[in-house]
1. Which whole-Hz couplings ³J(HN,Hα) result when phi for each residue of segment 307-314 is put into the Karplus expression 6.51 cos²θ - 1.76 cosθ + 1.60, θ = phi - 60°, listed in order with x for Gly and Pro?
2. Could you calculate the contour length gain from PHE72 to THR134, that is, 0.36 nm times the residue separation minus the distance between their Cα atoms, to one decimal place in nm?
3. What FRET efficiency do you get for VAL288 and GLU327 if R0 is 22 Å and r is their Cβ-Cβ distance, rounded to the nearest 0.05?
4. Which ³J(HN,Hα) values, rounded to whole Hz and listed in residue order, are derived for segment 209-216 from phi using the Karplus coefficients 6.51, -1.76 and 1.60 in 6.51 cos²θ - 1.76 cosθ + 1.60 with θ = phi - 60°, glycine and proline given as x?
5. Per 0.36 nm of contour for each residue apart, how much would the distance between ASP306 and CYS65 grow if the chain were fully extended, relative to their Cα-Cα spacing?
6. Give the distance, in whole Å, between the Cα centre of segment 346-372 and the Cα centre of segment 384-402.
7. Per-residue accessible area for VAL204 at 1.4 Å probe radius, Å² rounded to 10?
8. Provide the net charge surrounding LEU149, with neighbours chosen by a C-beta distance below 12 Å and charges set as Lys +1, Arg +1, Asp -1, Glu -1.
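The values are calculated or read from the model by the stated rules, or taken from the named source; none is laboratory data. Remember, predicted model here, so these are calculated numbers, not experimental data. Cβ placement follows ideal geometry from the backbone for every residue including glycine, while neighbour counts extend to all protein chains displayed. Surface accessibility is based on the protein's heavy atoms, side chains included, excluding ligands, DNA and RNA. Shrake-Rupley method; radii C 1.70, N 1.55, O 1.52, S 1.80 Å.
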Amino acid sequence: MSSPSMQAPGAPGADPARMPRLVSGPGDTVEDDAPALSSPPGRPPARAAEARRGSRLLDHWWTVCYLVTSLFTAVAALALAGLAIGGFFGVLGAGVGVLVLVPAIWGSYGLSVLERHRIAAFLGLDIGQRAPSTAPGWRRALGLDERRLRALGWVGLHGLWGLVAGGLTLALLVQGVLLATLPLWGPVAGGVTVLGTLRVDSVVGMTLAWLVGVVLVLGMPWVARGLASVDVVLARWLVGEDPQAQLRRMSERVDTLTTSREDTLDSVEAERRRIERDLHDGPQQRLVSVAMTLGLARDALDRNPDDPEAARQVRELLDEAHASSKEAITEMRQVARGIVPPILTDRGLDAAVSALAARSPVPVTVTSRLPAGRLDPTTEAIAYFSVSEALTNVAKHARATRAGVELGTARGLTGDLLAITVTDDGSGGAVVGGGSGLTGLRQRVGAVDGELHVHSPVGTGTTVAITLPLRTREPR
């Protein structure tokens with residue numbers, strides 16, 4: 001059956017105006033129909049374009065509002081700059097000027113924070129903020145660190161430019177509105193004075209003045225954008241995010257991701273080779289032995305099916321094949337445990353690390369401060385194998401009498417972290433890349449943007465600190 005809406009072009013009741021044009025005639029182009037296909041439902045293309053134009057025009061007038069309000073912030077900035085200058089000379093003179101200088105610096109910093117939000121609200125721009133200060137606490141308290149001093153420099157420049165730009169914008173806007181509305185009140189007043197100097201009272205002069213007013217009002221948003229761009233440059237330079245520092249961080253991030261990708265590929269390839277080697281040296285050899293033993297048993301039965309001695313030999317061969325098959329199963333389980341340990345899947349990281357400590361030839365103490373619940377499976381797996389590699393290094397190279405593993409969480413700049421610390425009282429001297437397995441550990445940790453730090457003075461033991469970013473746990 002066909003629904004009523006699926007009518008043929010020639011069917012009764014079909015509206016030709018509503019039918020899609022499958023074949024374009026002369027003069028028809030695909031672009032003619034494109035706006036109709038891309039417009040939101042219920043809104044004609046022309047109205048959508050008008051809405052976008054109206055939104056852009058409104059944004060321009062928000063820029064005008066930003067410059068007008070700059071008059072108020074410029075006055076506050078000049079007042080703070082004056083207080084700071086007076087406080088500075090007061091410090092040089094009697095020393096009591098610090099009571100004025102410090103509040104002026106902090107007030108400048110507060111005004112710079114307000115300016116960032118004002119630029120975001122009126123201009124729709126996020127200029128960012130400077131990196132956190134690394135100065136000593138007493139300097140931050142007095143406002144003598146880089147962020148506060150740069151804000152103090154900004155208030156001086158903003159006070160001067162804000163008065164000029166805001167005053168010019170307000171004067172041109174008021175003059176433009178007065179001239180644009182000249183036909184309403186000009187004949188009654190008998191003329192108008194343009195810019196406070198030129199008196200116009202003739203019809204031609206008033207017409208020209210009206211045209212100038214219309215041009216001023218219509219062009220005011222674009223003039224305002226040019227003036228406001230200077231404010232944005234000053235704010236971004238002194239109180240916003242440093243573009244060069246941002247580029248350096250992005251470059252470092254790209255380098256880190258490139259190195260991490262290469263390390264991940266190397267780590268995956270090394271893991272693949274390990275699994276291949278374990279399968280080749282263990283279960284594969286056992287299964288070949290089982291096949292050969294079963295073949296010998298079959299040949300013995302074929303040669304002497306009724307000989308008791310042949311039957312005894314067949315029984316021995318079958319017993320040997322049975323034992324080899326069980327050993328192959330055991331080795332397969334060990335290989336599988338090396339990929340994903342069952343205890344890690346079933347009981348979590350705490351129990352899996354405790355099982356590693358119990359199997360270690362060096363006595364290991366495990367301290368866990370992990371939160372309740374399970375971690376992300378990828379994070380758990382990387383943490384488990386990292387601890388396993390670290391404890392293997394302790395057993396092989398450290399000549400230690402005891403070791404310790406601490407599991408917990410920490411707060412980093414980018415979020416919560418899983419913190420792992422493995423310590424021993426061995427001979428020390430461990431170096432990443434020195435053939436102790438720490439290179440593979442670094443690759444494994446770096447694959448998920450983790451960090452590895454090794455402190456291993458000669459003769460005083462080794463501390464391996466690992467941090468892994470915590471992710472939202474995904475369902476298994």
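1. 7, x, 5, 5, 5, 5, 5, 4
2. Numbers: separation 62, 0.36 × 62 = 22.32 nm, distance 3.26 nm.
So the extension gain works out to 19.1 nm.
3. For R0 = 22 Å, the calculated efficiency reads 0.95.
4. Going residue by residue, I get 5, 5, 4, 4, x, 4, 5, 4 Hz, with x marking Gly and Pro.
5. Values: separation 241, 0.36 × 241 = 86.76 nm, distance 10.93 nm.
My answer for the length gained is 75.8 nm.
6. 13
7. Around 100 Å² of this residue is reachable by solvent.
8. Values: positive: ARG130, ARG139, ARG140, ARG147, ARG148, ARG150; negative: ASP145, GLU146.
Cβ neighbours under 12 Å give a net charge of +4.
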